[in-house]
Amino acid sequence: GLDFVFTYTDNVTPSSSAGKLIQKYPDRCINFGIAEPNQVGASAGIALSGMVVFAQVFGPFLSLRAADQIHTDIAYNDVNVRLIGTHAGVRAAGGPTHNCIADLALYRAIPNLTVVVPADAGQCRKVIRQSMDFKGPMVIRIDRGGSPQVYADNSYDFVIGKAIETIPGNDAAVISAGSSVYWSMMGAKILKEKYGINARVIDMHTIKPLDTEMIAKCARETGCVVTVEEASINGGLGSAVAEFLCEQSFGGKFARVGLPDQFAVLGSPEEVYKYYGMDPEGIASKVAGLLK
């Protein structure tokens, strides 16, 4: 009796959770092959018939190949489609053509889109469940899977649009989303042990609408805000936080950690993130440098 349809590209393996779903509900699962714009457009049509649609799409192609369909078919019609973009950041390990780094800038500029970046698998489940009753289109941005758990206990309250404080601290606030929440927490550990700095870590899982109350609280109580994201430094979480802080005439310290304005170097995701100072040591060093 569930009113949902699952659309996917043909890289879903039978061994994955999606594979199990396809076996259990074959009549509700539609394979579009590698035709992402068609998949996104058709998902809008299915949603207009009254269904909630979950569309699993390879992240870089969702944002770049299907931008027109996201804008005109999904957002303009304000339909109940959950666009699940996988392989965030450089997780595909396929180089510049397969890096998913410009997506947040695009999604933030499109009206009606809610954008959620779960911190771990448990939180992703919470987002999926809440999205069943959510009205309007949503992008759920995830990585390749297998990332560390941020939350040891999944019984915590989760609300789309409300950020979560994962580590307390009043010397600085590190605002992050997705896999980088874990890196930020590890960075906070280094800050405490190596520099004696107590950094607060915020899981800003919803990029749009942004929890500006939490940002204002962090700015007021710490005077130092650093954002960390697995995306381009331009137009994503860091830009959103900076825009808000500037409009509030924030006079404290601020920095963004993310992928620079260039096509990233080739390498495993961990090597690439370390190269750009996005690993725990890089984050700790950025915060410590700001406070000096």
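The values are calculated or read from the model by the stated rules, or taken from the named source; none is laboratory data. As the structure is a prediction and not an experimental result, all values here were calculated from the model. Please note: Cβ atoms are built from the backbone with ideal geometry, for glycine as well, and neighbour counts cover all protein chains shown. These accessible areas exclude ligands, DNA and RNA; they are computed on the full protein's heavy atoms, side chains included. Shrake-Rupley method; radii C 1.70, N 1.55, O 1.52, S 1.80 Å.
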Margin query: So I have [x] 5, 21, 21, 16, 13, 9, 6, 6, 3, 0; [y] 7, 29, 35, 21, 7, 1; [z] 6, 24, 29, 19, 14, 7, 2, 0, and one of them is P(r) over Cα pairs in 10 Å bins from 0, in percent calculated from this model. Which one is it?
Written below: [y]
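For the pair Lys292 and Glu243, what calculated FRET efficiency results from E = 1/(1 + (r/R0)^6), where r is the Cβ-Cβ distance and R0 = 22 Å, to the nearest 0.05? Don't skip to the answer; put the middle values down first.
Working: r = 26 Å, r/R0 = 1.19.
It comes to 0.25.
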Item checked: Gained length - Lys24 relative to Glu165, 0.36 nm times residue gap less alpha-carbon distance -> 47.0 nm
Notebook entry, point to check: Considering the dipole of the chain built from charges on the beta carbon (Lys and Arg +1, Asp and Glu -1) around the Cα centre, which of Gly267, Val81, Ala102 is farthest to its positive end?
Noted result: Gly267
Next item on the list: Quick one: which residues, 5+ away or cross-chain, put their amide H under 5 Å from the amide H of Thr114? H built at 1.01 Å from N.
Entry: Met138, Val139
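Hey, what did segment 12-141 get for relative contact order, percent, Cα under 8 Å, at least 6 apart? Don't skip to the end; give the middle numbers.
Values: 183 pairs, mean separation 31.0, N = 130.
Relative contact order comes out at 24 percent.
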Margin query: Tell me the relative contact order for segment 118-253 as a rounded percent, counting alpha carbon contacts under 8 Å between residues six or more apart.
Written below: 25
Check: Which of these, Ala44, Ala173, Ala109, has the largest mean-square fluctuation under a Gaussian network model of the chain (Cα springs below 10 Å)?
Finding: Ala109
Notebook entry, point to check: At a probe radius of 1.4 Å, what is the per-residue accessible area of Leu104, in Å² to the nearest 10?
Noted result: 10
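Any idea of the accessible area per residue across the chain, 1.4 Å probe, to the nearest Å²? All intermediate terms of the calculation are to be shown ahead of the outcome.
Values: 12780 Å² over 292 residues.
Using a 1.4 Å probe on heavy atoms only, each residue of the chain averages 44 Å².
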Notebook entry, point to check: In the Gaussian network model of the chain, springs joining C-alpha atoms below 10 Å, which of Glu270, Glu281, Glu247 carries the largest mean-square fluctuation?
Noted result: Glu247
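Leaving out ligands, DNA and RNA, what percent of the accessible area of the chain is carbon and sulfur, probe 1.4 Å? Let's see the in-between values first.
Details: 6790 of 12780 Å².
Summing carbon and sulfur atoms, their accessible area is 53 percent of the total for the chain.
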Notebook entry, point to check: Which distance in nm do the two modelled labels at Phe134 and Ala93 give, with both placed 7 Å along the Cα-to-Cβ direction?
Noted result: 2.9
Check: Taking only C-alpha pairs under 8 Å that are 6+ residues apart, what is the relative contact order of the chain in percent?
Finding: 15
Checklist line | Per-residue SASA entry for Cys100, accessible area with 1.4 Å probe, Å² rounded to 10 | finding: 0
Next item on the list: Any chance you could give the angle, 0 to 90 degrees and rounded to 10, that helix 237-247 forms with the longest Cα principal axis of the chain?
Entry: 60
Next item on the list: Pop out the ³J(HN,Hα) list for segment 141-154 in order, Karplus 6.51 cos²θ - 1.76 cosθ + 1.60 with θ = phi - 60°, rounded to Hz; leave Gly and Pro as x.
Entry: 9, 10, 8, 7, x, x, 6, x, 6, 7, 10, 5, 10, 8
Note to self: For segment 91-135, compute Rg over Rh where Rg is the Cα radius of gyration and Rh is the Kirkwood radius from the inverse mean 1/r over Cα pairs.
What the structure shows: 1.05
Notebook entry, point to check: How far apart, in nm, are two points set 7 Å out from the Cα along the Cα-to-Cβ line at Tyr195 and at Ser268?
Noted result: 2.7
